[in-house]
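The values are calculated or read from the model by the stated rules, or taken from the named source; none is laboratory data. If you're wondering where the values come from, they're calculated on a predicted model, not measured in any experiment. Reconstructed Cβ throughout: ideal geometry from the backbone, glycine too, with neighbour counts over all protein chains shown.
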Amino acid sequence: MISDVISSAAEISVENTSVFYNACRDNDIKLVKELLPNMTIAQINHVEPNGNTALHIATQNEHKEIIELLLNVGISRSIQNQNEQTAYSIAPNTDIKHLFERFTQELPSDETNSEFDGENRFVSKIRWIDANPHADFEATKQRNLLIKYGTNPKFHFLVNFARQYYIDEELKDIQGIDQIRYFFDKAEEEQNPVYLLKAYTAETGFYTALNRHLAAAQLEGTGPIDSNRGRAYILGIITHHPYFARFNFTGESYRGMKLDEYDLQQYVIGSRIMTKTFLSTSKDREMAEVFAFGIYANENRTGKYGVVCTYHLRNPGTGLDIESISEYPGEKEVLIIPYAAFKVMNVKKEKRGDDGIAVKIELKECEPW
């Protein structure tokens, strides 16, 4: 009976690997479809005795439909095998690698507010920043308030609190919540903050909701500590935990935006701005251009400009190079943390074929107070 097969998905076969793994290896699409609806994210992400996950073996064997099924249910892309390789890194050709790219999937939309329509981590609007002549001072003040959370030895307590009172209460209805719970559980289980960043890079409603809450808290004149302690714990850990020092990035990174004329006027040469949320940027300028001018090029026909921002990151801790741990390593992501201050160095409009006007903005990070 099918129910008997489903209940045995995680059971070990005579080959010492699970029934589910074997089905993915053998391209048994029918069985995989029967098993998946009754499996937890932890079971789907299970690392077999041979060091591989189901995604590794399906990728290695070029089973495209199996790969798509696994990615669509939220299997973790960043798990490494015994050779420290992700499934993406062992993809045998570009056709298989393309299956892992964000463009091949429909972007989730958990927001009903039109301000958020059509956005993802690499495309943003003006609300993510705060134009302020004292932005550098304010940024330092806000970040210093979070130090005690990032350096708190009770990491287990902080993650558990955030899981219980932020993830399971405020975010319980977001798309992909089971994936986010899996990452927070792993962070608590292994005492490893890297899983919080993995949660942020997953294509779920988490990063949108978190940034929405951070932006709203600032707009209301209240800091993240007062508005939600669980959220403040997450922010403090990512901003100040010593583990993340290994990911410090200095240099140039790039981000796509879509702005109307009014929003663009907020970027005045010589002015200072402060980030209010996490900003996903890329070491690859072409990646930012694809997000700004490629799949979102039609924005130019509705009064919006495609914009590419170049961020000159100078201070350790402002930008984290998370390519090696991201669920989407091909995006070469550098994550800029909240409360980073930048000076607008240049704003330039250029004609871009039939797509309209392209705008390039250069920003240099301010020195901390």
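For the reader, a short list of remarks on this structure follows.
- Among the residues of the stretch 94-101, none qualifies, meaning not one is surrounded by fewer than 21 Cβ atoms within 10 Å (Cβ to Cβ), more than 28 Å from Gly256 (Cβ to Cβ) and either in the same structural domain as Leu69 (by the TED database) or modelled with pLDDT of 90 or more (or both).
- Subset of the stretch 37-77 (residues that are more than 23 Å from the chain's Cα centre (by Cα) and surrounded by 20 or more Cβ atoms within 10 Å (Cβ to Cβ)): Glu48, Asn52, Ile57, Ala58, His63, Ile66
- Qualifying positions in the stretch 157-176 - assigned to a helix (DSSP H, G or I) and surrounded by fewer than 20 Cβ atoms within 10 Å (Cβ to Cβ): Phe157, Asn160, Phe161, Gln164, Tyr165
- Subset of the stretch 179-191 [loosely packed, with under 15 Cβ neighbours inside 10 Å and either in contact with a Leu (Cβ under 9 Å, 6 or more places away or on another chain) or touching a residue at least 24 places away in the same chain (Cβ under 8 Å) (or both)]: Gln191
- Residue match in the stretch 269-276 (condition: assigned to a strand (DSSP E or B) and surrounded by fewer than 22 Cβ atoms within 10 Å (Cβ to Cβ)): yes
- Whenever a residue of the stretch 305-330 is buried (at least 19 other Cβ atoms within 10 Å of the Cβ), its partners that are basic (Lys, Arg) and assigned to a strand (DSSP E or B), lying with C-beta atoms within less than 6 angstrom and at least six residues away or across chains, give the pairs Val308/Lys360; Cys309/Arg255.
- Residue match in the stretch 256-271 (condition: touching a Leu at 6+ places or on another chain (Cβ under 7 Å) and either among the aliphatic types (A, V, I, L, M) or modelled with pLDDT under 95 (or both)): no
- Residues of the stretch 327-366 classified as assigned to a loop (DSSP other than H, G, I, E, B) and closer than 18 Å to Thr239 by Cβ, total: 5
- Residue that is farthest from the chain's Cα centre (by Cα), among those in the stretch 125-156 that are part of a helix (DSSP H, G or I), of a type in the set (A, V, I, L, M, F, W, C) and closer than 16 Å to Asn211 by Cα: Ile126
- Considering residues of the stretch 195-229 that are over 26 Å from Ser78 (Cα atoms) and not in a helix (DSSP H, G or I) only, the residue modelled with the highest pLDDT: Asn228
- Here Gly303 does not qualify as out of contact with any helix residue (DSSP H, G or I) (no Cβ under 6 Å at 6 or more places or on another chain), of a type in the set (Gly, Ala, Ser), in the same structural domain as Ser280 (by the TED database) and closer than 22 Å to Tyr200 by Cβ.
- From the options Asp28, Asp4, residue that is at pLDDT 95 or above, outside the structural domain of Glu327 (by the TED database) and charged (D, E, K, R): Asp28
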